[in-house]
Amino acid sequence: MEIDRGDRIAPPPSPERSRVWIGALVAISAALGLAVVIAPEFGDFLRREAYAAAEAVGAPTPADEYAPLYARLEMEPLRAGLVASPKISAPLAKLLREPCDKRAIAALAEALIVEGEERVAARGYSGFAAACPDSAIEKGRAGELFLRIGDAEGALKIADALISEQPIQPDFHYLRARTLFAAKRYDAAIGEYKTAIELFHDRAKVHERLFVELANAYVAVGKPCDAAYTLFSWIALDPTRRGTPGARKRVEEYGALGCRNLPAFDEPKKL
């Protein structure tokens, strides 16, 4: 049987769809070309339009102009739909021109978080901190994001690096404590929580949350009395204001886990 050239398994692409693809590719090429020679702001607008057009019709995007930035920040390339957003493309373009602009990396990362790309944002903060000086804030933000998405290993690497650089900064030990707790390394977490508390110049300003988390770590290793006394020590810093019914109830709950003969609340035991 002779097969006629008109016989096809799939229908040929319609002229109209072909024109859409061609038009999208032409728009992308034209925008990227013009962006090189015209004002940066207008060029950024044209780039966004080009990427939006590519995303809309499923056309392939050209070689990404932000590739050098992605490599420096150790980020994977962003999909066209994200780059089409002004809240993302604007800081991308700024970082391409000003590699260590702190406001630009913050704007980029926070916009990515809004889009649900927390890991990408964490990688961006981390890569920025590795490439730019005086970036402890960005590195700490990366650690917080890794911890938020459950990447204890990634957060621990960040915390270790921060403590190596600034060993007496309590916030960095607190980050490491929470990371160790998340990794179920409770004994190590207890040591870091206590170090963080000790490094605060004014313990009265240490948030209750830190003491509660330390108490929970004690509970995790089967030491309910230490957990109860940890809360006692927090109350002792300001008994009048902190000896609330809620705080007392929490101490009683820890005690109920196996701690007898707790001291009276007017005789708190210090940590």
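Points worth noting:
- For region 80-157, Kirkwood radius (reciprocal of mean inverse C-alpha pair distance, Å): 12.4 Å
- Spin-label pair Asp171/Lys157, simplified geometry with 7 Å Cα→Cβ offset, distance in nm: 2.3 nm
- With R₀ fixed at 30 Å, the C-beta to C-beta distance from Ala220 to Glu252 puts the FRET efficiency at about 0.95.
- The residues of region 129-210 expose on average 52 square angstrom of accessible surface per residue, using a 1.4 Å probe on protein heavy atoms.
- With a cut-off of 14 Å on the backbone N, the residues of region 145-186 near the modelled label site 7 Å out from Glu198 along Cα-Cβ are 168-170, 173-174.
- Checked against a 30 Å cut-off, the cross-linked pairs Lys102/Lys157; Lys102/Lys194; Lys205/Lys249; Lys157/Lys194; Lys87/Lys139 give Cα-Cα distances beyond that limit for Lys102/Lys194.
- Take the Cβ atoms of Ile137 and Thr240, set R0 to 51 Å, and the FRET efficiency comes out at 0.90.
- For Glu76 and Ala182, the difference between the fully extended length at 0.36 nm per residue and the C-alpha to C-alpha distance is 35.5 nm.
- 3J(HN,Hα) along region 79-85: 5, 4, x, 6, 5, 5, 6 Hz, from the Karplus curve 6.51 cos²θ - 1.76 cosθ + 1.60 with θ = phi - 60°, whole Hz, x for Gly and Pro.
- Ranked packing of 203-214, 188-199, most packed first, by mean Cβ within 10 Å: 188-199, 203-214
The values are calculated or read from the model by the stated rules, or taken from the named source; none is laboratory data. Nothing here was measured: the structure is a model prediction, and the numbers come from that model. Backbone-built Cβ (ideal geometry, glycine too); neighbour counts: all protein chains shown. For the accessible areas, the whole protein counts, side chains as well, though only heavy atoms, and no ligand, DNA or RNA atoms are used. Shrake-Rupley method; radii C 1.70, N 1.55, O 1.52, S 1.80 Å.
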